[in-house]
Amino acid sequence: MGSGGIDLSSTSKNDILYIGFNQDQSCFAVGCRSGFRVYNCSPFKETFNRVLEGGGIRHVEMLFRCNIFALVGAANNGKFPPNKVIIWDDQQRKDIGELSFRHEVKSVRLRRDKVVVVIEYKVLVYRFADLVCTHEIDTVSNPKGLCALSPSSHQTVLACPGSQKGHVRVELFELRRTNKIEAHTSHLSCMALNLDGSRLVTASEKGTILRVFDTHSGKPLQEVRRGAQAAQISSLSFNPPSTLLSCSSVRATVHIFSLTDDEGKGGGDKIDLTKGEDTEALSHATNSRSALSMLGGVVGYFNSKWSFAKFRLPETDAQTVSCFGGETNSVMVITSSGSVHTCQFDPDGAAGQDAKPSNSFSFRKDTADAP
């Protein structure tokens, strides 16, 4: 489960206004100036292309692989107003519902029983069946529309910014409980839940440290370091058994971390590994550490756990969204320039391994940059 897609409408130099994976990361959606498209991840292929007369789509939220989508139009020349969420039935090729707001919609999250809409200072939760609002959550300024929603049918967990910078509010709906987590001292930049909603990972606007929390207790479980220099984190994603974490940034890098180390920092319990068919193959991966880690008691930086694998993408100025691929020991990365890269890693290889993408494809349709 990942951190959602990226709205590219304010910075796009081509036809692409949005990129993002669906809930189980088996396919991804592309919002563009003429409609939206959906691609299957493994094998990579275009599933369909919908041309919508009247303008662009800057947010396309899928509901797994079904025919229902939540669409938001671009602020300039959008098919739909930027302050409306359109529930689109692709089988009927028409909208079957809409939600209107006084302010611009920042993002949308879907699950089979809920629609979650994010505006700058609020997160609103609606029943999918009748689009009645059941919860209204106040947040700090949230221009990125940060919000994570577990897709599991067993429990409903929602994470969003809290009422103070760097804080996260976690709603456990079945338990009717709210946990408040002091994740960072600076503003949040990215967050993601795993598939069952038991784990939360966060990054601040500095982008150097990632922190993993238990959502039911609010306790920190592990802390890992992406790098020494600040960078904007564009996506975070757990693999299905929650033993690995991917992190992509605007520095054109994707880092892979192991969440199975017994020495994880954070002051909480060890990560509770979820059984999965690829757990055995992935459990050998070990994060790298500084050669000066013996100084950790004096200088925390030297005791940091770094990624065990890192990938450098050919696009140096593209924004990226990554997830764990359908192939064993692989990560799929989609970029704002219209490329898809599949990166392979060796869980038994040396810690700190630096690899290159193994396969690359293009999903860009336009032949020239947009004005």
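The values are calculated or read from the model by the stated rules, or taken from the named source; none is laboratory data. Worth saying up front: this structure is predicted, and the values here are computed from it rather than measured. With ideal geometry, Cβ positions are generated from the backbone for all residues, glycine too; neighbour counts draw on all protein chains shown. Side chains included, ligands, DNA and RNA excluded: accessible areas come from the protein's heavy atoms. Shrake-Rupley method; radii C 1.70, N 1.55, O 1.52, S 1.80 Å.
Against the numbered list (1) surrounded by 18 or more Cβ atoms within 10 Å (Cβ to Cβ); (2) outside any loop (DSSP other than H, G, I, E, B), Val105 comes up short only at (2).
Within the bounds of segment 260-280, is there any residue that is open to solvent by less than 20 Å² (accessible area, probe 1.4 Å) and at pLDDT below 95? Full working, then the answer.
Of all residues in segment 260-280, those open to solvent by less than 20 Å² (accessible area, probe 1.4 Å) come to none.
There is no residue in segment 260-280 that is open to solvent by less than 20 Å² (accessible area, probe 1.4 Å) and at pLDDT below 95.
Which residue out of Arg58, Arg65 is closer than 30 Å to Phe238 by Cβ, touching a residue at least 12 places away in the same chain (Cβ under 8 Å) and assigned to a strand (DSSP E or B)?
Numbers: Arg65 fails: assigned to a strand (DSSP E or B).
Step by step, each of Arg58, Arg65 is checked, and only Arg58 is closer than 30 Å to Phe238 by Cβ, touching a residue at least 12 places away in the same chain (Cβ under 8 Å) and assigned to a strand (DSSP E or B).
Scanning segment 69-96 for residues that are in a strand (DSSP E or B) and touching an Asp or Glu at 6+ places or on another chain (Cβ under 9 Å) yields a total of 12. Within segment 54-74, can you find the residues that are buried (at least 18 other Cβ atoms within 10 Å of the Cβ) and in contact with a Cys (Cβ under 8 Å, 6 or more places away or on another chain)? Matches in segment 54-74: Gly56, Ile57, Met62. If you go through segment 306-350 and keep only what is assigned to a strand (DSSP E or B) and either in contact with a Pro (Cβ under 6 Å, 6 or more places away or on another chain) or open to solvent by 10 Å² or more (accessible area, probe 1.4 Å) (or both), you end up with Trp306, Lys310, Arg312, Phe324, Met332, Ser339, His341, Thr342, Cys343, Gln344.
The residues on offer are Arg112, Arg93, and the sole one that is at pLDDT below 95, more than 18 Å from the chain's Cα centre (by Cα) and surrounded by 12 or more Cβ atoms within 10 Å (Cβ to Cβ) is Arg112.
Criterion applied to Val38, Val51, Val30 was being surrounded by 21 or more Cβ atoms within 10 Å (Cβ to Cβ) and of a type in the set (A, V, I, L, M, F, W, C), and the one residue passing it is Val30. Open to solvent by less than 20 Å² (accessible area, probe 1.4 Å) and outside any strand (DSSP E or B): does that describe Gln23? Spelling it out, Gln23 is indeed open to solvent by less than 20 Å² (accessible area, probe 1.4 Å) and outside any strand (DSSP E or B).
Which ranges mark the strands (runs of 3 or more DSSP E) fully within segment 115-234 that have 1 or more residues being in contact (Cβ under 8 Å) with a residue 12 or more places away in the chain, over 28 Å from Val254 (Cβ atoms) and of a type in the set (Phe, Trp, Tyr)? I'd like the intermediate steps shown before the answer.
On the way: elements: 122-127, 133-138, 157-161, 167-172, 177-182, 188-193, 199-204, 209-214, 220-225.
Passing ranges, in order: 122-127.
When Arg225, Arg251, Arg177 are checked against the criterion of being modelled with pLDDT of 95 or more and open to solvent by 20 Å² or more (accessible area, probe 1.4 Å), a single residue qualifies: Arg177.
For segment 313-331, the set of residues classified as touching a His at 6+ places or on another chain (Cβ under 7 Å) and at pLDDT 90 or above is empty.
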